[in-house]
Amino acid sequence: MEYNFREIEKKWRQNWKDTNAYKVSNDSPKPSFYVLDMFPYPSGAGLHVGHPLGYIASDIFSRYKRLKGFNVLHPMGFDSFGLPAEQYALETGQHPAVTTEKNIETFKAQLDKIGFCYDWSREVRTSDPSYYKWTQKIFLNLFNSYFCNTCKQAKPITELIEKYKTKGGSSFTAEEWNAFSDTEQADILMKRRLAFSKFGEVNWCEALGTVLANDEVVNGVSERGGHPVEKKKMRQWYLRITAYADRLLQGLETVQFSDAMKEMQRNWIGKSEGAEMEFGIRDLKLGINVYTTRPDTIFGVDFLVVAPEHPIVNSLVSEEQKRAIDEYLTYVKSRSDRERQSEVKQITGCFTGAYATNPFNGKPIPVWIAEYVLAGYGTGAIMAVPCGDQRDFAFAKHFNISITNIIGEHYNGEEANSTKEATLQNSGFLDGMLMKDAIAVAINKIEELGIGKRKVNYRMRDAGFSRQRYWGEPFPIIWKDEIAVPLAENDLPLDLPFAEKYGPGPNGEGPLANMEEWVNVGGSLNKQVDLTPNPSPKERELLDRLEEKTTDKKAYGYINSTPQEWINTLAFAKQNRHNPTEAEDALWQLVRNRNVGGYKFRRQHPVSSFIPDFVCLDRNLIIEIDGGYHNEAEQNIFDIARENWLKEYGFEIIRFTNDALLKDIANVKKAIIEKIKEIEEKAESSPAPLLWRGGGEVSAKRETSTMPGYAGSSWYFLRYMDPHNTETFCDRQASDYWNQVDVYIGGTEHAVGHLLYSRMWTKVLFDLGYIGFDEPFKKLVNQGMIQGSSRFVYREKGTNKFYSRDIISDENYFDKIHVDVNIVDGVELDIEEFKKWKNGEFLNSELVLSDGTFICGSEVEKMSKSKYNTVNPDVLVDKYGADTFRMYEMFLGPVEQSKPWDTKGIEGVHRFLKKLWRLFYTDANPATNAPGKQVWNDEKPNDAEYKILHKTIKKIEQDTENFSYNTAVAAFMIAVNEMADAKCFKKEILSQLLVILSPYAPHVTEELWNLLGCDGSILVAAYPTLEEKYLIEATKEYPVSINGKMRSSVNLPTEVTEEEARQAVLSTEAVTKWLEGKEVKKFIFVKGRMINVVL
RNA sequence: GCCCCGGUGGUGAAAUUGGUAGACACGCAGGACUUAAAAUCCUGUUUACAGCAAUGUAAGUAACGGUUCAACUCCGUUCCGGGGCACCA
């Protein structure tokens, strides 16, 4: 009888399947334990040996915990929405649902071969409607929630609406709120929702006609095809993860992640504390807000720098600098993100001509613009302190700006010094203070003077949540006019419609936009949402008046002729708003926030089918800003006709030319105020009878984006707890029972993506009361990457001759070609296989050998099919069995460590299992055909044998708890070696050894367990209890050092006293030799450890 | 540039609170069994020097320095490798 792993493993896998051995119940008196793997994306390539590393580690831990008496949840599923399937569909026309299904089957078959203890009845797939129904539901929870800034948690948006209705908001009263139209209210609410929509920049690839995700853009060109990619503003969905920045930081204190992982998350969140303060601009009634973390350096400010994109720039530029600034702005616009990033060290900038005033010493400070200041961080403007900041220093040197030194000798004139330890000089009221102390003093002063305030900034941005893609969750959102209307819960799931083509839609929309029937819900919409317009009281009044006046609305031009036209008008207006001309922006800066006359102005706001540049609805005033083309005769006629229409609606119109406005904005302001006064004095200043809403047939469109890959993975760990629930995503009882994931195993590549998003979703669900914990993962273990070890053959350039690596002196004369690692033994090429490889591509090549062998070159690279360095676990499992494969992967080294794969050592582990087998049965003798015999027996073990066992139990427990599996495997080897040496074949010992080994090698241990005649399955055996009494030693071999160097050893009773030890040691021969003629200065005795004699 | 994590035999790697550096394997060398091969078993394997040998002496955990009776382990400086962030004020 011998270790026939193929039969054994097949037999037990079937048995475990038949008996539902891995099925886990939510109803158990045992304590719960949750071990989770990061679920895989089912790619077409299948598994390579790198994938199972983490799965094996978690499987061992699950089995161990189970033996220890826990009810262990250890599920697996698939992150099955995503880009590769869609790209594959684009190329081959195969539907992603089909390829995904196929890939999952392959994955499961491969995983099953390795013998994992997953409860497959709990499998989830993110692309399954029964799963994404709940992804959509949670999205709606996010959509219908806001972040309360006082209680720092998510709350239902209905509470906010109630507050607005009764108490108003920060910039409007309750009355005003109630008078707002639906659109206005929706816009305000959108600014608070946790999942929200706004215009944002996306990567637009004109050549591909599509929007690309960040990871599809490499160095400014598309990953596929290498086409240029530009930034484009489009409506996008976002998650307001910034609201949770602080809690995401604090939560890190409560979880066991590696320091590196925590650090990465902290960096990503990028919290910085400082102050925001205003610098007044001379001769202009303007101020520039800057953000700084070093207010202590305020007296060292030599210039201000504003981001080129900052809206204030236009108002700052002086007449003399206008040309230069325009040129610089043109230059900045011409620069791609790629250039800006790759040429960081290149210093560019331009002086605006404006001067700010240092509020503390009145010093004039030149204001510059430069691309090194980012519009998106802080206020988009900085105070530059060249003596303390290297970038500011380089800038000052480059443009010859004089540098003020406020840190004395700490500044050497050669480079900036960002120390906080210097004593301040030339710093007014801060003089003589240590910089780190001065920070608080300066902030207090700033607040006292009312020129600024303490401010915390985060580098993290809100997370983009929409993709112009097909293979993802559709948004349960319908756009009614400009308002996002959520689907009702019982209309979920909103199924992803079946697609036959996967090309992009119009205007940068995703493939779904091409499916008109699906997109246009219009009149066909019945139960989903009430799409009847709900006019505000003011609108209602206007509508009524209009109804009285006319029966033919279209004749009056009051409304668009079709709903579609109206929607187009709205969209067009929105687009205009986001692409203002220079002059428009300047005027907007002037009139926004009720800055002029206290009236609210809107820009690019539809009035019927017209979109005036600016409109004040309160005073029926329209402001038009004309570019040069308005001088042309044809345009002039149109302008007049349009004015007449608008006048008929009751509007007054004033016009300015671009140039006039930019030249003298103060004058423009005066003109507007005068006009308003004029209107106010008129008797008939009643509001204009206008409509800003479409009429006629009810119409709406579905959101055509889909959710990103991380949507489904942000909450999947909850679904495993209660996977078949049709009432809710996870029953509260189930999540209370299983609670947090106790151990989560996966790679570091998700450090700032998945791990942050799932932490945020957990916090939101916690805030809303759906679950009882606000961190999803208690402990995170990062498995290392298994790299590939590539092999190369070298072909002389321009020939068909290959040379063995060791006879090549200069690689430059050769083409280096990847060769399949599976046809190379170590570095020696299997020449026969090589000739057959790639359908005989190298059949006629000449190989120049050295000493009869052909040696390959080698290099460690990422494991990938294209590098021919992948090793398929199936092959190894076939050859050595799953138990050997599992143990070998663990034996390779610490789980967290990355290492190149090397199949060589697997023999050693396989030998170990065979040796284990021989403790039970001898091998059959093929020569004599004599079968192997049973060697195990029922004899009572002796103390020495108990000692081997319990020593091992102790070590395995420690190592397993610490995920130190490589040393655990070594401990098993030691145990088996010792038992073999001691001829310990006793059932009592062996059966316990099997139990502790079973998490590592489940198949062979189950077989032997049964052969021993033990009860039931080893999967549910009791973990042996450690009995310390067998480990107590009567004597100990104490190492003896002389002056710290190991010289000898002495056998002493364990409970020896120092004095006894001293006498014993000093009288041993080996020691007396060293003592000759010297005096013992010190005798160090560490009980149970060692002895050191100092001479 | 900044922030993490590493650096130990020919190779993968071990080493509780500082306490016998190299466990356990791979590979290699030699041997046993065998007609032979496979399988299995045994011995040796950090380096240098001395010795037939057991063994002894010296050096040794990237480099240098420090703390300590004692340092792979703690501290400082430098070098190398891996990962992350990258104009974040």
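The values are calculated or read from the model by the stated rules, or taken from the named source; none is laboratory data. In this text, all values refer to a predicted model and were calculated from it rather than measured experimentally. For neighbour counting, all protein chains shown are included, and Cβ atoms are generated from backbone atoms with ideal geometry for every residue, glycine included.
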Hey, could you check the stretch A:1055-1095 for residues that are part of a loop (DSSP other than H, G, I, E, B) and more than 13 Å from RNA strand B (Cβ to nearest atom) and say which is farthest from A:Pro1039 (Cα to Cα)?
A:Gly1077
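Restricting attention to the stretch A:978-993, does a residue exist that is polar (S, T, N, Q), buried (at least 18 other Cβ atoms within 10 Å of the Cβ) and more than 9 Å from RNA strand B (Cβ to nearest atom)?
Within the stretch A:978-993 (the criterion being polar (S, T, N, Q), buried (at least 18 other Cβ atoms within 10 Å of the Cβ) and more than 9 Å from RNA strand B (Cβ to nearest atom)), the answer is yes, since at least one residue qualifies.
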Are any of the residues in the stretch A:453-476 among the aliphatic types (A, V, I, L, M) and away from RNA strand B (no atom under 16 Å from the Cβ)?
no
In the stretch A:149-200, which helices (runs of 4 or more DSSP H) lie fully inside it and hold 2 or more residues that are over 28 Å from A:Phe475 (Cβ atoms) and without any contact (Cβ under 8 Å) to a residue 24 or more places away in the chain?
A:157-167, A:174-179
How many residues of the stretch A:278-290 are within 11 Å of RNA strand B (Cβ to nearest atom) and crowded, with 20+ Cβ neighbours inside 10 Å? The answer is 1
Residue, surrounded by the fewest Cβ atoms within 10 Å (Cβ to Cβ), within the stretch A:1-22, restricted to residues that are farther than 12 Å from A:Pro1002 by Cα and among the aliphatic types (A, V, I, L, M):
A:Met1
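Residue-by-condition table, conditions (1) surrounded by fewer than 20 Cβ atoms within 10 Å (Cβ to Cβ); (2) acidic (Asp, Glu); (3) over 44 Å from the mean Cα position of the chain (by Cα):
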site: A:Gln575; (1), (2), (3): yes, no, no
site: A:Glu582; (1), (2), (3): yes, yes, no
site: A:Asn593; (1), (2), (3): yes, no, no
site: A:Phe601; (1), (2), (3): no, no, no
site: A:Gln604; (1), (2), (3): no, no, no
site: A:Cys616; (1), (2), (3): no, no, no
site: A:Arg619; (1), (2), (3): no, no, yes
site: A:Ile622; (1), (2), (3): no, no, yes
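Can you spot a residue in the stretch A:247-256 that is polar (S, T, N, Q), farther than 30 Å from A:Lys763 by Cα and either near RNA strand B (Cβ under 8 Å from one of its atoms) or out of contact with any Asp or Glu (no Cβ under 6 Å at 6 or more places or on another chain) (or both)?
Taking the stretch A:247-256 as the starting set, the residues that turn out to be polar (S, T, N, Q) are A:250, A:254, A:256.
Now drop any that are not farther than 30 Å from A:Lys763 by Cα, which leaves none.
Taking every residue of the stretch A:247-256 in turn, none turns out to be polar (S, T, N, Q), farther than 30 Å from A:Lys763 by Cα and either near RNA strand B (Cβ under 8 Å from one of its atoms) or out of contact with any Asp or Glu (no Cβ under 6 Å at 6 or more places or on another chain) (or both).
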Pick from the stretch A:382-418, criterion under 20 Å from A:Lys345 (Cβ atoms) and either polar (S, T, N, Q) or part of a strand (DSSP E or B) (or both), ranking: farthest from RNA strand B (Cβ to nearest atom):
A:Asn400
Index of the failed condition, A:Arg335 passing every other in (1) closer than 24 Å to A:Asp296 by Cα; (2) within 16 Å of RNA strand B (Cβ to nearest atom):
(1)
If A:Ser758 satisfies all but one of (1) at negative phi; (2) in a loop (DSSP other than H, G, I, E, B); (3) among the small types (Gly, Ala, Ser); (4) away from RNA strand B (no atom under 16 Å from the Cβ), what's the number of the condition it fails?
(2)
Of A:Ala971, A:Ala982, A:Ala930, A:Ala924, which residue is at pLDDT below 90 and closer than 18 Å to A:Leu1031 by Cα?
A:Ala982
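Which residue, of A:Gln185, A:Gln153, is of a type outside the set (Ser, Thr, Tyr) and over 18 Å from A:Gly769 (Cβ atoms)?
Of A:Gln185, A:Gln153, the one residue that is of a type outside the set (Ser, Thr, Tyr) and over 18 Å from A:Gly769 (Cβ atoms) is A:Gln185.
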When the stretch A:284-326 is checked residue by residue, the ones that are closer than 17 Å to A:Tyr372 by Cα and in a helix (DSSP H, G or I) are A:Val313, A:Ile325
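Among the residues of the stretch A:461-498 satisfying the criterion of being part of a loop (DSSP other than H, G, I, E, B) and among the aromatic types (Phe, Trp, Tyr), which is farthest from A:Ser197 (Cα to Cα)?
Restricting to residues being part of a loop (DSSP other than H, G, I, E, B) and among the aromatic types (Phe, Trp, Tyr), the top hit is A:Phe498.
I'd like to verify a number: residues in the stretch A:1026-1041 that are away from RNA strand B (no atom under 14 Å from the Cβ) and either of a type in the set (Gly, Ala, Ser) or touching a residue at least 12 places away in the same chain (Cβ under 8 Å) (or both), how many? So that I can check it myself, show each step before the final result.
Keep residues of the stretch A:1026-1041 that are away from RNA strand B (no atom under 14 Å from the Cβ), which gives A:1027, A:1029-1030, A:1034.
From the residues that got through so far, the ones that are either of a type in the set (Gly, Ala, Ser) or touching a residue at least 12 places away in the same chain (Cβ under 8 Å) (or both) too are A:1027, A:1030, A:1034.
Count: 3.
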Starting from residues that are out of contact with any Asp or Glu (no Cβ under 8 Å at 6 or more places or on another chain) and at pLDDT below 90, keep the ones in the stretch A:467-480 and report whichever is nearest to A:Trp204 (Cα to Cα).
A:Arg467
Hey, any hits in the stretch A:824-836 for a residue that's of a type outside the set (Val, Ile, Thr), touching a helix residue (DSSP H, G or I) at 6+ places or on another chain (Cβ under 6 Å), surrounded by 12 or more Cβ atoms within 10 Å (Cβ to Cβ) and in a strand (DSSP E or B)?
no
Residues within the stretch A:727-748 that are part of a loop (DSSP other than H, G, I, E, B) and either out of contact with any helix residue (DSSP H, G or I) (no Cβ under 7 Å at 6 or more places or on another chain) or of a type in the set (Gly, Ala, Ser) (or both), tallied:
7
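Would you confirm whether or not the stretch A:428-437 contains a residue that is buried (at least 22 other Cβ atoms within 10 Å of the Cβ) and assigned to a helix (DSSP H, G or I)? Working first, answer last.
Taking the stretch A:428-437 as the starting set, the residues that turn out to be buried (at least 22 other Cβ atoms within 10 Å of the Cβ) are A:430, A:435.
Imposing the further condition that a residue be assigned to a helix (DSSP H, G or I) reduces the set to A:430, A:435.
Scanning the stretch A:428-437 turns up at least one residue that is buried (at least 22 other Cβ atoms within 10 Å of the Cβ) and assigned to a helix (DSSP H, G or I).
Yes or no, residue by residue, for (1) crowded, with 18+ Cβ neighbours inside 10 Å; (2) out of contact with any helix residue (DSSP H, G or I) (no Cβ under 9 Å at 6 or more places or on another chain); (3) modelled with pLDDT under 90; (4) not β-branched (Val, Ile, Thr):
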| residue | (1), (2), (3), (4) |
| --- | --- |
| A:Asn314 | yes, no, yes, yes |
| A:Val344 | no, yes, yes, no |
| A:Tyr355 | yes, yes, no, yes |
| A:Gly362 | no, yes, no, yes |
Hey, among the residues in the stretch A:771-798 that are free of Cβ contacts under 8 Å to residues at least 60 places away in the same chain and either under 23 Å from A:Thr903 (Cα atoms) or in contact with a helix residue (DSSP H, G or I) (Cβ under 7 Å, 6 or more places away or on another chain) (or both), which one's surrounded by the fewest Cβ atoms within 10 Å (Cβ to Cβ)?
A:Lys797
Can you tell me which condition A:Gly1044 does not meet? The list is (1) within 9 Å of RNA strand B (Cβ to nearest atom); (2) at pLDDT below 85; (3) surrounded by 16 or more Cβ atoms within 10 Å (Cβ to Cβ), and all the others hold.
(3)
Those helices (runs of 4 or more DSSP H) lying entirely in the stretch A:851-947 with at least 2 residues among the hydroxyl-bearing types (Ser, Thr, Tyr) and crowded, with 22+ Cβ neighbours inside 10 Å:
A:882-891
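From the list A:Tyr1000, A:Tyr1023, which one is under 30 Å from A:Asn20 (Cα atoms), within 16 Å of RNA strand B (Cβ to nearest atom), under 50 Å from the mean Cα position of the chain (by Cα) and in contact (Cβ under 8 Å) with a residue 24 or more places away in the chain? Explain how you work it out, then say what you get.
Numbers: A:Tyr1023 fails: within 16 Å of RNA strand B (Cβ to nearest atom).
Being under 30 Å from A:Asn20 (Cα atoms), within 16 Å of RNA strand B (Cβ to nearest atom), under 50 Å from the mean Cα position of the chain (by Cα) and in contact (Cβ under 8 Å) with a residue 24 or more places away in the chain holds for just one of A:Tyr1000, A:Tyr1023, which is A:Tyr1000.
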If we ask which residues in the stretch A:784-818 are charged (D, E, K, R), in a loop (DSSP other than H, G, I, E, B) and at pLDDT 85 or above, their number turns out to be 1
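Restrict the check to the stretch A:137-147 and report whether at least one residue is β-branched (Val, Ile, Thr), at pLDDT below 95 and not in a loop (DSSP other than H, G, I, E, B).
From the stretch A:137-147, those β-branched (Val, Ile, Thr) are A:138; that's our starting set.
Then keep just the ones that are at pLDDT below 95; that gives none.
Scanning the stretch A:137-147, I find no residue that is β-branched (Val, Ile, Thr), at pLDDT below 95 and not in a loop (DSSP other than H, G, I, E, B), so the answer is no.
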